[in-house]
Amino acid sequence: MFQRLLLLGLSLFVLFSVVSAQEVTPEPVPSPTPVREIYTVLGYGDGVFESDLWLASAEETPNRTRATWRSDQVGGVAFADYLHFGDGVTREQFDTLFGTDWFNATLANFAVWREETRCDLGNLRLIQFALQIADTRYSMRYWIEWVNDNRVMTLYVVVPEGFASLLDTYGARLYPDLASCTAVG
């Protein structure tokens, strides 16, 4: 008799536990966390800059997200600047935004800078520069990409003139359709 009461008690306990468990409202599944822009910007260098040759760093600020790749072996620098435009930006604003004042500030560390060529392909612009600090000459490719209504990516690679052929390699990895202005004629 005691065993029957014990069995009945356990059965009632299990029954009420199941009913109770079914009445509990499940926790909402959290929505996926958006990818931080720092990973988006660093992602531009994935498969482009060899990790044994280039060191990467990045930072986020309210107005932009930046990544830098430096190579002491090459003496080169690559820099991505993901610009935030809260009020919006259009592709047609490139000439106004990225004019002489922009490049005077961006290239201020160079004693001499000269634009060699410029070309556009869709939402992408490439400007090729010749630069100089003291007696060292550099070559630069500077891409400006309209990403969307609120984001523009500027990305450049600068290397000493003796390594200028690397610009073709990195350009083809970064922007295969606009690796150089000679690619578009």
Pairing a residue in segment 49-63 that is closer than 14 Å to G75 by Cα with any residue that is modelled with pLDDT of 95 or more and among the charged types (D, E, K, R), where Cβ atoms lie under 6 Å and the two sit 6 or more apart in sequence or on different chains, gives L55/R70
Can you name every residue in segment 61-73 that is buried (at least 16 other Cβ atoms within 10 Å of the Cβ) and out of contact with any Leu (no Cβ under 6 Å at 6 or more places or on another chain)? T65, R66, T68, W69
N150 passes all but one of the listed conditions (1) within 15 Å of the chain's Cα centre (by Cα); (2) surrounded by 19 or more Cβ atoms within 10 Å (Cβ to Cβ); (3) over 22 Å from S51 (Cα atoms); the exception is number (2)
Within segment 129-137, identify whether any single residue is polar (S, T, N, Q) and within 19 Å of R70 (Cα to Cα), and answer yes or no. yes
Residue under question is D120, and the condition is that it be among the acidic types (D, E), within 25 Å of T40 (Cα to Cα) and surrounded by fewer than 19 Cβ atoms within 10 Å (Cβ to Cβ); does it hold? yes
If we scan segment 82-93, do we find a residue that is closer than 16 Å to R141 by Cα and in contact (Cβ under 8 Å) with a residue 24 or more places away in the chain? no
Those strands (runs of 3 or more DSSP E) lying entirely in segment 97-185 with at least 3 residues of a type in the set (D, E): 112-121
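The values are calculated or read from the model by the stated rules, or taken from the named source; none is laboratory data. Predicted model only: the values in this text are computed from it and were never measured. Cβ atoms come from the backbone with ideal geometry, glycine included; neighbour counts cover every protein chain shown.
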